[in-house]
1. Just to be sure I understand the model, the point goes 7 Å from the Cα along the line to the Cβ. What's the resulting residue 66 to residue 53 distance in nm?
2. Quick one: if you stick a label point 7 Å off each Cα along the C-beta vector at residue 97 and residue 40, how many nm between them?
3. Could you give the length gained on full extension between residue 78 and residue 112, defined as 0.36 nm per residue of separation minus the Cα-Cα distance, in nm?
C-alpha cells in the first residue's frame, strides 16, 4: 500500500509540475503565473529554484527569454510578443550549471486581445 501511495504522489507531481525533478534532480519552477498588461506585454513570474544556474521561458515551443538565476528572489520576466494579438502557450524550465534543463512546468495559455 505504501508503494502505491508513493507512486500516485510521484505521478501527480509530474502531471502538475509541482517542483518535480528531472533525471538530473533539478526541479521545475513552482508557482508559474502569467499576466497581460495594458501595453500587451506578458509578465511571467515563478518561485526561484535552489541550485538553478538560470531559467528558460518558452512561448509556443520557442525559447523567448533566458533570465539569470537567483535563489533568493522570485523571478519576473516581461516581454512583448512578436504578434501582439493571439494565443500563447507558455512554460518555464530550470537550467543547471551544465546547461541541462528540468522538466517543463505546466503549460499556461495566455490570450492577448
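None of the figures in this text is laboratory data; all of them are computed from the coordinates on show. All of these numbers come straight from a predicted model, not from anything done at the bench. Reconstructed Cβ throughout: ideal geometry from the backbone, glycine too, with neighbour counts over all protein chains shown.
1. 1.1 nm
2. Spacing of the two 7 Å Cα→Cβ label points: 4.3 nm.
3. Full extension of this stretch gives 10.8 nm more.
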